[in-house]
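Working notes, beginning with the structure itself.
The values are calculated or read from the model by the stated rules, or taken from the named source; none is laboratory data. Keep in mind that this is a model prediction, so the values were computed, not measured. Methodologically, a virtual Cβ is constructed for each residue, glycine included, from the backbone with ideal geometry; neighbour enumeration extends over all protein chains shown.
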Amino acid sequence: MRNKSSVHGLYAIADTQYLTDAFLPRAVEQAIEGGAKVIQYRDKRGTPAGRIAQAVTLKQICQTQGAKLIINDDVNLAAEAGAQGVHLGREDASLTEARARLGAQAIIGVSCYNELKRATAAQADGADYVAFGSFFPSRTKPDAVRATPELLRQARKVIQIPIVAIGGITPENGASLIAAGADSLAVIEGIFNRPDIRSAARDYAKLFTDYVQPPRAPRKKYVE
């Protein structure tokens with residue numbers, strides 16, 4: 001039987017596109033202090049040695065401060081750094097491959113874009129959460145497909161694992177996504193491209209105490 005903490009609340013994506021190597025650890029600390037429950041490490045420019053060093057540092061910070069560390073795209077890096085899990089896109093390793101490499105206790109998330117069918121398949125294959133988006137325009141991925149709050153409402157009826165919303169989310173528009181069914185809001189620029197990271201994270205984290213999510217189907221039990 002799996003015994004995992006649910007992915008819920010603020011999901012902060014630490015993208016090195018917006019953070020210098022020197023500031024990355026402190027930025028992540030501030031995001032967690034502001035209320036981030038999950039940190040995703042996303043790096044598209046570093047060397048293999050640099051990426052493993054950064055991932056290990058972030059793992060130590062998350063472990064100390066009670067947050068989860070998820071690695072974007074790279075299953076091997078997640079294993080080498082001892083991260084809690086990995087996030088997989090369409091072009092990444094399969095969920096089956098990731099589970100075999102990381103083990104039953106790893107948190108494995110899957111990008112589902114605007115495709116409910118992909119989400120239900122990921123759930124059936126053992127994903128621990130699914131992510132939909134982009135819900136709003138985003139400079140990080142300006143060409144991303146667009147998802148709608150209605151998709152969240154439909155997903156809430158058939159998806160028992162946590163649902164993450166991503167893409168152009170602000171403290172002003174994030175409430176509508178929580179109300180539609182998102183368990184977690186994934187944010188990059190809205191946190192890490194702000195002068196006060198701690199305060200920015202706090203504005204998002206507060207949404208999860210101010211707004212109530214709709215009911216969903218009972219969570220299914222997983223048997224290994």
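Numerical summary
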item: Per-region count, region 25-47, residues under 22 Å from Asp92 (Cβ atoms) and either at pLDDT 95 or above or among the small types (Gly, Ala, Ser) (or both); result: 7
item: Positions within region 25-67 being hydrophobic (A, V, I, L, M, F, W, C), assigned to a helix (DSSP H, G or I) and either in contact (Cβ under 8 Å) with a residue 60 or more places away in the chain or under 24 Å from Ala131 (Cα atoms) (or both), in sequence order; result: Ala27, Val28, Ala31, Ile32, Ala55, Leu58, Cys62
item: Residues located in region 165-192, provided they are of a type in the set (Val, Ile, Thr), more than 19 Å from Val145 (Cβ to Cβ) and in contact (Cβ under 8 Å) with a residue 40 or more places away in the chain; result: Ile191
item: Candidate set: region 181-194, residues that are touching a strand residue (DSSP E or B) at 6+ places or on another chain (Cβ under 8 Å) and outside any strand (DSSP E or B); chosen: the one nearest to Ala27 (Cα to Cα); result: Phe192
item: Residue tally, condition free of Cβ contacts under 8 Å to residues at least 12 places away in the same chain and among the β-branched types (Val, Ile, Thr), over region 9-24; result: 1
item: Residue in region 88-111 that is surrounded by 22 or more Cβ atoms within 10 Å (Cβ to Cβ) and hydroxyl-bearing (Ser, Thr, Tyr) present; result: yes
item: Helices (runs of 4 or more DSSP H) wholly inside region 68-169 that include at least 2 residues being in contact with a Cys (Cβ under 6 Å, 6 or more places away or on another chain); result: 116-124
item: Among residues of region 124-141, those that are surrounded by fewer than 17 Cβ atoms within 10 Å (Cβ to Cβ) and out of contact with any Ser or Thr (no Cβ under 9 Å at 6 or more places or on another chain), counted; result: 3
item: Pair list, Cβ < 9 Å and 6+ apart or interchain, from region 74-96 residues that are more than 16 Å from Ser111 (Cβ to Cβ) to residues that are buried (at least 23 other Cβ atoms within 10 Å of the Cβ) and hydroxyl-bearing (Ser, Thr, Tyr); result: Leu77/Tyr41; Ala81/Tyr41; Ala83/Tyr41
